[in-house]
Every structure is written in C-alpha cells, then in structure tokens.
Amino acid sequence: MYSFEPSEEQKMLIDAVSRYAVNDLRAAAHDAEEESKLPQSVVSKGWEMGVLQASIPEGYGGFGEHSVVTGVLAAEEMAYGDLAGTLAVMTPGLFVLPILLGGTEEQKQQYIPPVIEADWQPYTAALIEPSFDFDPNELKTTAKADGDDYVLTGEKTYVPFAKDAEAMIVYANLDGATQGFIVPKGADGLAVGEERIKLMSLNALPLYSLKLEGVRVPKANRLGGEAGHDMGPILAANRVALAALAVGVAKAAFEYSRDYAKEREAFGVKIAQKQAIAFMLAEMATEIEAIRLLNWEAAWKLDVGKEDAAKDAYLAATGAVDMVMMVTDRAVQILGGHGYIREHPVEMWMRNGRGFATFTGLAIV
Amino acid sequence: MIEFETPKPIAQQQYVLQTVAENMMRPVSRYFDEHEHEIPWDYINFMHQAMKASGAGSLAPKDEKKEQDPNKPKRPPIGYQLLAHMLEIISWGDVGMYLVTPGGGLGAAAVQAAGSPEQKKKFLARFAGEKPTFAAMCMTEANAGSDTSAIRTTAVLDEKTNEWVLNGEKIFVTAGDKALTEYEQSGKGFIVVWATIDPEAGRAGMRSFVVEAGTPGVKVTKLEHKLGIRCSDTASIVLQDARVPYDHILGSPTVEKTTKGFKGAMATFDATRPLVAATGIGVARAALEEVKKMLAEQGVEIRYGLPRQKLTNVEREVIDMEVMLRSAWLMVIKAVWMADNRKPNALESSMSKVKAGDVVTKITQKAVELMGPLGYTRDTLLEKWFRDAKITDIYEGTGQINRLVVARHILGYRGRDLR
C-alpha cells in the first residue's frame, strides 16, 4: 500500500520537535550565527527531545528501534528551526548510528549506552577530506594493518566538536574500501586543529580539521570487527539525513518569503498578488514537496531493506542539493534588498543551502 | 504509517498492461504517428474486449459500493491509484494511442462526476456494450481556453418542446470525431458540451450537456494536425440549433447566485489532473529508459554514488532526469492517494501537474539532445516522445494555470486576490 500519513507516534515526535525548532532553535539562530556560539542549554534541550534515543533499541540504552523514516521526519522538522543547531544536536548520532548499523555486538554494548544514557556529550565522526573531489568511497586517508593494530594516516576536515570529542569514528581507505575506526580521545598521532575552521555558514557549529599521523588503534576498534562493515547503508543514511535537513531549511525559507510577500506592498498591491512572485512561490513549494517525497521513499526503502535503497538515497540527496539552492536563492530574491540584509534569516538559509553539496558526513539518521 | 509499496492488485495490472504496451502499442507507435487520423482499430478492439472481460468497462473509476464483509478488515480504496498506474503504463506504450482508448474518457468522467444516478445509467451503460464506444468533453472555444468563463456557446430552453437548443463552436475536442462519427466498428457515443444558460450570469450560468452522436445540427468541421499525439483526433465541432432533451443537462437547470456548479466542474480537475500528469510521466519514462539502454549499449555506465564533481556530463544529466521523473511520479501518487482517501487534494493535484508538465518536457528534450543524431532521427522514437510529451504541460490546465491554482492555495488567496 501507499501511505503518506506518519504514524501517531511519529506525529507526536514531530509535534515536540517542531515546538523546539521554532521556540528554541530559531529563536537562538541569529545570534548563534553572528557570535559563532550556540548556547549549550539549547543543544542539551534538543538532545532531550530524544530523537536519537528513540532510534536505539532498549538493549543499548535507548527506547525504540531504528527507523530511517522517523529520523527523516524529525530532521526535516528540526532543520526548519536552524541547520547549525540541528547538526549540533545530531552530532553524537554520527558516532552511535554507524556502530548500530555496522558494529559488532560487543562494540554496540560497549560504545552505545554511555552516549545514549547520558546528557548530550561530544562524540563525533570524521569523513570529509580537504580536496575538491572528496569521495566517501575513495578516501585518501588510509588504514594499514600492522600487527594487532590498524595505522591511520591522512587529513580530515569539517569534523564537528572534534576538539572535545570523547571518541570519534574516523573513516579511512582500507585496501580500497571505506571503513570506520573508533578512535578515542587523545590518541597518539591525532592532531586536532587549534582553530575552528570557518565556513560560509554553520558558524554556530564548532568544526575542526584533523591530522592523523600514524594513529594506532587496536584491531578490535574497526567498525564491524575483523570482518569490517558495509559502508553502503551508513552513506545512504547520511544522504537521506542531508536531504531531510535540506527540506527543512528550504521550507523555512519558503514560508518566510511567502509571509513577507503577503505583507509587502508595491504598486498598490501585495507583491504576492503579482504573478511574478506568486509563480516563484508556487514553484518553490512544488520542488520542496517533490524532493520531500523522493526522500521519504528512499528512507522507507532503507527501513524495509529494498535492493535499490542506496541508489534512491543518492538520488534524493542529489535532488535536494539543487532544490534547496533554488528555493533559498528565490527566498532572498523575493525579499529583494531586505533579503540581502542579515536582519532577515533568508540570506543565512541561502548560505546554508549552498553547503548541502559539501556536507556528506555531517548528519545521519 | 508512511509506505511506498505498490499494492498487489496494481502490480498485477501493471504486468498485464506492460504486455499490451510492448506488443500492441510500441510496434505500431511510429506508424500511427506518420499516418495522422488513421484509427488503430486493432488496439481499440483489443482494449474494449479486455476491459469488458475484466469488468472494468470504462477507464473512469467505479463507485465503490460493494457490500463489505464486516468481519474482514477494510481495505483502503485504491481506484485512482490503480488508474494512475494503468495510464502511466499504456502511455509508456504510446500516449497518442492511450487517448483513443474506448470507454468514454473525459466525457464519461464528466457524467460520472456531475450526473444524477439516472443519467449515469442512461449514458454510461453503452461503454460495456458490444462495440467500442467513445465520448468527449467540449470545453475549449477559439476565445476561451484556460479562461473557461469566457465560453460563448449558448443553451436556450425551448419551453414548447422542452428541449435545450445549443449554438456555438468548440475546438480542441479530444476524441471528438470518434465520439460523434458512427464508424462501422464503433458504438454510438456522445459529447459533453459546456455552454451558458444565462450569459449575464458569468460562471454561475455555465452548464454541461450530453449531446448524442447523430443529433441534427452537430458537425465535426475540422481535424487538427498536431505536433504530437497524432493518433488522437482533435476535433472542431459546430453546434447549430442542436436540440437535446431537457434531462441531458448535468447539474441544476436553474441559475443561482453562486458559482457552485462551476466550481463542481472545476473540482473534477482535481481528480483528472494527476491522471493526465501520469500519462506524461509514462512518456518520459519511455524516453529515459531508452536513453539508458542506448548508453548501456555504448558501454556507458551511470556511476550512482559518485560526488557531482567526478561525474561526466552525461551521467549528471541522466541522474537529474531520474530525480525529476521519480519525484514527479510520487507527487502524482500522493495526489491520487488523497483522492482515494477522500482528502481534499486541489493543491496536490495541481502541483503534480505543474511538476509533471515541467519534467516530462525537460526529460524528453534532454533525451533527444543526449543521443545526438540518434535522438533526432525518426528511426528511433525519442523525437516522437519529445513531441508527444509537450502536450502534458498544455492540456487539462496549462502549467501556468496550475501554477496559479497552486499559488492561490499556498497564499490562501481567492481568484480575485490573484488573477
């Protein structure tokens, strides 16, 4: 059967997340972006929404089961409040969910409960590398087996909360395949950049670069143990997460510019009454809905284990990149000169929008 | 619970219709494009018999009135969803031929939507008869396209004979010729004519009338030569003192101050727009599949999963086409799912049409471009699909009209706020 109706549980979660997104995240977003600092209280409150906890089974300290669809719905809703704040709240998931998806039973027992049962703590993952043709399936960071260890060498960038992280997953190229390795805080040879890296947006999210100079981790720290793990599902869960966040940002920009267009007068009418503006808004709404449904289907396929789920996740993420750029750009355009001024949030959403082509690895559901 | 599993009855129909599309449509697709106004009777007869045998009778969705076994869990209705899938597949076969599928098309849909139970019985039974039978909807006039309130065809009641007297000229009537001309192979059809019963009343005076084939004063005056969908006849019809019985009016014969009747007519578009979108999507899927097949034959593989920076241009184009096609299709599914579940879907319906109109045009254009000399030649069907697809963004409300509908919905505006 087809159905486009979230379950009652999902609706309750969406409602709670939506209130948090508007009352807390959106309220804090402007200053957080300007001052490059998001209050920890806002992050902690977002953590208490329990989105991640609800996707972890009881056996590992959570209170639900992993559902990509639910994760997507929550991510859409939270990013509607603010992208940087959402990424901050979701960061521990970058550590926990890959272990849930690809880890051994021992790894799950050992690593997941301490994160899930506590307050928000900085656990993270390092995937992105500083090269224009960064490809998660052909990483330049390498892992080499050496005795009882793996030795990790390379450079990473865009790693959230790396400086304080209790532990992180570092992805590296092991004999041509991307594999994750659990690296504890303060590992020898792991150098976190002194300064936060600065991007076009996401100022509120502390991001760092990493150098790995022969970082040794025991073989037991390879995600999935000796047999390793399949990177496909992890990447796919990354992609639908990003697409969902893009939908949230786009929806924020669309609604803001729509409401503005209904207030702003020119030539004796509201500008929304001009087809030039009204048609832009109609197309923005249409594109958001199109990508949203595409992403829902990909998420559903991941949940039920359809063969082409990973491909669909890739298509959804690809479509989302163009969609969010188009929508946020038009939102700025509809506000005209005011759209270019940082008092209105649309310019920030436009800066957010351009990042989605680059963010693979910053979120997972 | 969000779900995207194709319902079993639909999957079964898909399987059957795929065979029809491959064996009865594709082999003659080019022939009927090159021989405009010839009629594919083989296909028509086959579809008529097949639909009769399956009890479908008409492509218009059935009223779901079967007695439900109270002990069985109630299955959600899927009539429109089934229809959307069927139309998508036979349009994948050939959209021009789809448009000559017997069963009444938009004419029957109008009776279904606005007719009384007696009228439905009287006018719709013929589609399950011995011979394939057609009906058509006559709305457009030379000076009234998307602006249907500008319709000038009149219907005047002759109180002496209790007949409506219709005068006017209709254009762009899909299947108008097959509905009115009694071919040896076809049954007696009808057209549904939009006319005003009170020119002063504007939209409030607009009504539709069933005009039977063979009615004196009704004449097909022209068959258009078109860019695409050439297998489908597009007729001009003149009505000159055409008399129809009193009870052939669909809806109330009195003019009220409201435009309720007119809005009711517009509401049928909420059901038909995603279906028309589905036909366009069938064409675009045909084009995209052909491109991928031709590329594969040349050893070009689409490397899904690569970052954009590492893809070739051809790969990027194909991936974008897939994104467009699938997302547009899901919008169609959502719109018909809402219709099946009796959720108001005017917004989603028009949105699906906006999106489909855009993407099927782009996909089929790109398909021709990407295949270069192999795309532009009449040796393959790509150039035909490019011509066929364009109509999706024009009929059943142009892309612009549907943008207007979408815009009014998202802005909470009425017609007078945004025109």
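I'd like to know if the range A:177-188 contains one or more residues that are buried (at least 23 other Cβ atoms within 10 Å of the Cβ) and more than 17 Å from A:GLY103 (Cα to Cα).
No: zero hits.
Where in the range A:132-239 are the strands (runs of 3 or more DSSP E), entirely inside, with at least 3 residues that are in contact (Cβ under 8 Å) with a residue 24 or more places away in the chain and more than 27 Å from A:SER41 (Cα to Cα)?
On the way: elements: A:142-146, A:149-160, A:167-174, A:177-184, A:190-192, A:207-218.
Qualifying strands (runs of 3 or more DSSP E): A:142-146, A:149-160, A:167-174, A:177-184, A:207-218.
Condition first: facing another protein chain (nearest Cβ under 8 Å) and surrounded by fewer than 24 Cβ atoms within 10 Å (Cβ to Cβ). Now tell me which residues in the range A:271-280 satisfy that.
Across the range A:271-280, the qualifying residues are A:GLN273, A:GLN275, A:PHE279.
Report the residue count in the range A:2-18 for those that are over 20 Å from A:VAL89 (Cβ atoms) and within 9 Å of chain B (Cβ to nearest Cβ).
Of the residues in the range A:2-18, 6 are over 20 Å from A:VAL89 (Cβ atoms) and within 9 Å of chain B (Cβ to nearest Cβ).
Residues that are under 22 Å from B:PRO102 (Cα atoms): which strands (runs of 3 or more DSSP E) entirely in the range B:122-196 hold 1 or more of them?
Values: elements: B:135-138, B:154-158, B:163-174, B:190-196.
Of the strands (runs of 3 or more DSSP E) lying wholly inside the range B:122-196, those with at least 1 residues that are under 22 Å from B:PRO102 (Cα atoms) span B:135-138, B:163-174, B:190-196.
When the range A:114-132 is examined, which residues are found to be in contact with a Lys or Arg (Cβ under 6 Å, 6 or more places away or on another chain) and farther than 12 Å from A:ALA165 by Cβ?
We begin by selecting, within the range A:114-132, every residue in contact with a Lys or Arg (Cβ under 6 Å, 6 or more places away or on another chain); these are A:126, A:129.
Selection gives A:GLU129 alone.
Condition first: surrounded by fewer than 24 Cβ atoms within 10 Å (Cβ to Cβ) and not in a helix (DSSP H, G or I). Can you find one or more residues in the range A:72-90 that meet it? Give the derivation first.
Kept after step one, since they are surrounded by fewer than 24 Cβ atoms within 10 Å (Cβ to Cβ), are these residues of the range A:72-90: none.
Checked against the condition, which is being surrounded by fewer than 24 Cβ atoms within 10 Å (Cβ to Cβ) and not in a helix (DSSP H, G or I), the range A:72-90 yields no hits at all.
If I filter the range A:284-313 down to residues being without any contact (Cβ under 8 Å) to a residue 40 or more places away in the chain, more than 22 Å from A:SER7 (Cβ to Cβ) and more than 7 Å from chain B (Cβ to nearest Cβ), which single residue comes out as surrounded by the fewest Cβ atoms within 10 Å (Cβ to Cβ)?
Ranking the qualifying residues of the range A:284-313, first place goes to A:GLU307.
If I go through the range B:89-111 residue by residue, how many of them are more than 11 Å from the chain's Cα centre (by Cα), assigned to a helix (DSSP H, G or I) and of a type outside the set (Gly, Ala, Ser)?
Here the count works out to 6.
For the range B:1-35, enumerate the residues that are hydrophobic (A, V, I, L, M, F, W, C) and within 14 Å of chain A (Cβ to nearest Cβ). Write out each step before concluding.
Filtering the range B:1-35 for residues hydrophobic (A, V, I, L, M, F, W, C) gives B:1-2, B:4, B:10-11, B:16-17, B:20-21, B:24-25, B:28, B:32.
B:MET1, B:ILE2, B:PHE4, B:ILE10, B:ALA11 - these are the residues of the range B:1-35 that are hydrophobic (A, V, I, L, M, F, W, C) and within 14 Å of chain A (Cβ to nearest Cβ).
In the range A:47-64, what count of residues is obtained for those that are surrounded by 14 or more Cβ atoms within 10 Å (Cβ to Cβ) and of a type in the set (Phe, Trp, Tyr)?
Going through the range A:47-64 one residue at a time, the tally reaches 2.
Checking the condition outside the structural domain of A:ALA252 (by TED's automatic domain parsing), under 19 Å from A:LEU242 (Cα atoms) and open to solvent by less than 50 Å² (accessible area, probe 1.4 Å), which residue from A:SER36, A:SER67, A:SER44 passes?
Numbers: A:SER36 fails: under 19 Å from A:LEU242 (Cα atoms); A:SER44 fails: under 19 Å from A:LEU242 (Cα atoms).
Going through A:SER36, A:SER67, A:SER44 in turn, just one is outside the structural domain of A:ALA252 (by TED's automatic domain parsing), under 19 Å from A:LEU242 (Cα atoms) and open to solvent by less than 50 Å² (accessible area, probe 1.4 Å): A:SER67.
Could you list all residues from the range A:344-358 that are away from chain B (no Cβ under 12 Å) and either free of Cβ contacts under 8 Å to residues at least 12 places away in the same chain or within 25 Å of A:LYS156 (Cα to Cα) (or both)?
Within the range A:344-358, the subset away from chain B (no Cβ under 12 Å) is A:344-355.
A:ARG351, A:ASN352, A:GLY353, A:ARG354, A:GLY355, listed by residue number.
Determine the pairs where a residue that is under 17 Å from A:ILE291 (Cβ atoms), located within the range B:331-360, has a partner that is assigned to a helix (DSSP H, G or I) and among the basic types (Lys, Arg) with Cβ atoms under 6 Å apart, the partner being 6 or more residues away or on another chain.
B:MET331/B:LYS355; B:GLU348/B:LYS334; B:VAL354/B:ARG403
Exactly one condition in (1) assigned by TED's automatic domain parsing to the domain that holds A:GLN179; (2) surrounded by fewer than 22 Cβ atoms within 10 Å (Cβ to Cβ) is false for A:LYS262; which is it?
Here A:LYS262 clears every test but (1).
With (1) open to solvent by 10 Å² or more (accessible area, probe 1.4 Å); (2) on the phi < 0 side of the Ramachandran plot; (3) more than 8 Å from chain B (Cβ to nearest Cβ); (4) more than 18 Å from the chain's Cα centre (by Cα) as the list, and A:PHE267 as the residue in question, which single condition is left unmet?
Only one criterion in (1) open to solvent by 10 Å² or more (accessible area, probe 1.4 Å); (2) on the phi < 0 side of the Ramachandran plot; (3) more than 8 Å from chain B (Cβ to nearest Cβ); (4) more than 18 Å from the chain's Cα centre (by Cα) is unmet by A:PHE267, namely (2).
Quick one: is B:LEU306 at pLDDT 95 or above, more than 9 Å from every other protein chain (Cβ to nearest Cβ) and more than 17 Å from B:ASN402 (Cβ to Cβ)?
Considered against the rule, which asks whether it is at pLDDT 95 or above, more than 9 Å from every other protein chain (Cβ to nearest Cβ) and more than 17 Å from B:ASN402 (Cβ to Cβ), B:LEU306 comes out as no.
Out of the range B:181-193, which residues are open to solvent by 20 Å² or more (accessible area, probe 1.4 Å), in contact (Cβ under 8 Å) with a residue 24 or more places away in the chain and over 19 Å from B:GLY96 (Cβ atoms)?
Restricting attention to the range B:181-193, the residues satisfying the condition of being open to solvent by 20 Å² or more (accessible area, probe 1.4 Å) are B:181-185, B:188.
Next, from what is left, pick out any that are in contact (Cβ under 8 Å) with a residue 24 or more places away in the chain: B:181-183, B:185, B:188.
Matches in the range B:181-193: B:GLU182, B:LYS188.
Output the residues belonging to the range A:91-112 that are in a helix (DSSP H, G or I) and open to solvent by 20 Å² or more (accessible area, probe 1.4 Å).
Going residue by residue through the range A:91-112, those that are in a helix (DSSP H, G or I) are A:91-102, A:105-112.
Listed by number, the residues that qualify are A:LEU100, A:LEU101, A:GLU105, A:GLU106, A:LYS108, A:GLN109, A:GLN110, A:TYR111.
Considering only the range B:325-419, give the helices (runs of 4 or more DSSP H) lying wholly within it that have at least 3 residues that are under 20 Å from the mean Cα position of the chain (by Cα) and within 11 Å of chain A (Cβ to nearest Cβ).
Working: elements: B:346-370, B:373-376, B:382-389, B:399-411.
Hits in the range B:325-419: B:346-370, B:399-411.
Residues checked against (1) crowded, with 18+ Cβ neighbours inside 10 Å; (2) of a type in the set (Lys, Arg):
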position: B:PRO307; (1), (2): no, no
position: B:ARG316; (1), (2): no, yes
position: B:MET331; (1), (2): yes, no
position: B:SER350; (1), (2): yes, no
position: B:GLY357; (1), (2): yes, no
position: B:GLU383; (1), (2): yes, no
position: B:ARG387; (1), (2): yes, yes
position: B:ILE391; (1), (2): yes, no
position: B:TYR413; (1), (2): yes, no
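Do we have any residue at all in the range A:325-338 that's away from chain B (no Cβ under 12 Å) and outside any helix (DSSP H, G or I)?
no
If I go through the range A:247-264 residue by residue, how many of them are within 8 Å of chain B (Cβ to nearest Cβ) and under 27 Å from the mean Cα position of the chain (by Cα)?
1
Please indicate, with yes or no, whether at least one residue in the range B:291-298 is away from every other protein chain (no Cβ under 14 Å) and crowded, with 19+ Cβ neighbours inside 10 Å. Talk me through it step by step, then tell me what you get.
If we filter the range B:291-298 for residues that are away from every other protein chain (no Cβ under 14 Å), which is where we start, we get B:291, B:293-298.
Keeping just the survivors that are crowded, with 19+ Cβ neighbours inside 10 Å gives B:291.
The answer is yes; a qualifying residue exists.
Can you tell me which residue in the range A:314-324 is nearest to the other protein chains (Cβ to nearest Cβ), limited to those that are under 23 Å from A:ALA285 (Cβ atoms) and touching a residue at least 24 places away in the same chain (Cβ under 8 Å)? Full working, then the answer.
First, the residues of the range A:314-324 that are under 23 Å from A:ALA285 (Cβ atoms): A:315-324.
Right, trim to touching a residue at least 24 places away in the same chain (Cβ under 8 Å) and you get A:316-317, A:319-321, A:323-324.
On the way: A:ALA316: 8, A:ALA317: 10, A:GLY319: 4, A:ALA320: 9, A:VAL321: 8, A:MET323: 9, A:VAL324: 13 Å.
Out of the qualifying residues, it is A:GLY319.
The values are calculated or read from the model by the stated rules, or taken from the named source; none is laboratory data. A quick note: this is a predicted structure, and the numbers were derived from the prediction, not measured. So basically every Cβ, Gly included, is an ideal-geometry build from the backbone, and we count neighbours across all protein chains shown. The accessibility values were calculated without ligands, DNA or RNA, using every heavy atom of the protein model including side chains. Shrake-Rupley method; radii C 1.70, N 1.55, O 1.52, S 1.80 Å.
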